[in-house]
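No lab work stands behind these numbers, since they all come straight from the coordinates. Predicted model only: the values in this text are computed from it and were never measured. So basically every Cβ, Gly included, is an ideal-geometry build from the backbone, and we count neighbours across all protein chains shown.
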């Protein structure tokens, strides 16, 4: 008859580390749900990015002669 190896869950250190990791995971998920619930899209954001990247501003446009 073979004896079963002792369960790692019987060690207090394993139980404490598992409990701490579960608490941290719960806190991270709560923080994500509270502060990062939806992306923020600025008003007229694409046009502002285009103007910044391509240096398009009304003051620097060339006028036809």
Give me the distance in nm between label points sitting 7 Å out from Cα along the Cα-to-Cβ direction at residue 50 and residue 25, one decimal.
4.5
On full extension of the chain, what length is gained from residue 16 through residue 32, given 0.36 nm per residue of separation minus the C-alpha to C-alpha distance?
3.3 nm
